[in-house]
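Some notes on the structure that comes next.
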Amino acid sequence: KAGVTQTPRYLIKTRGQQVTLSCSPISGHRSVSWYQQTPGQGLQFLFEYFSETQRNKGNFPGRFSGRQFSNSRSEMNVSTLELGDSALYLCASSPGQGASYNEQFFGPGTRLTVL
Amino acid sequence: DAKTTQPNSMESNEEEPVHLPCNHSTISGTDYIHWYRQLPSQGPEYVIHGLTSNVNNRMASLAIAEDRKSSTLILHRATLRDAAVYYCILRDVADSSYKLIFGSGTRLLVRP
């Protein structure tokens, strides 16, 4: 099975712009979660989607949004970029149902640099 | 969310066992203990999880204290590839979402 894929792998934007990141989960997985990783704050949960519905949301401003399509692929969008949004954005997929101990499979991440 | 406490860093020699501790004194009865690790320049990867009993898989063993207030991840023979940041995470079985709360983790250095 192919793993979780994220595109693009690297991205450079300037302040005020917006950006869209894409995540393709493992085939058959219906849950997609997004995380932000920075040196200062570590790994922080952004949101999780299951069957096209946001099931949980972390403590991030409304500039961060996401969606999930019927094929389980997910996108996250950051509007009005700030310097502090520079980070590694990680996507993880899971089957989405059953006991909550199901492991999550992470992609390699998208490295976003905001200038 | 219940919190975990881990040492910032640990060192080990190659081919020796490594015991990575985690304290979770506020753990609830429905919290599973998960371990993930993040190799350099990669996303985190699942290592192991458990509830009450000790667990073994091909990667590691998880030893859980009888009162569940602490646990230890055991790598039986460390290799250079095991150098990573190891995260101990609690997940409530009642939580239907797949939200993981990462702490700062333990950075494991493996000496050749």
Quick one: compute the contact order of the range A:1-94, relative version, from alpha carbon pairs under 8 angstrom and 6+ residues apart, as a percent.
-> 36 percent
Given the pairs A:Lys57/B:Lys69; B:Lys3/B:Lys69; A:Lys57/B:Lys3, which are separated by over 22 angstrom at their Cα positions?
-> A:Lys57/B:Lys69
State, as an integer percentage, the relative contact order of chain B based on alpha-carbon contacts under 8 Å between residues 6 or more apart.
-> 37 percent
So for the protein assembly as shown, taking the charge dipole from beta-carbon charges (+1 Lys/Arg, -1 Asp/Glu), which of B:His19, A:Thr110, B:Ser70 sits furthest toward the positive end?
-> A:Thr110
Amide H to amide H under 5 Å from A:Gly66: which residues, 5+ apart in sequence or cross-chain, H placed 1.01 Å off N in plane?
-> A:Asn77
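Read-outs throughout are calculated quantities, based only on the coordinates presented, and are distinct from any laboratory measurement. As the structure is a prediction and not an experimental result, all values here were calculated from the model. Note that each Cβ is placed from the backbone with ideal geometry, even for glycine, and that neighbours are counted across all protein chains shown.
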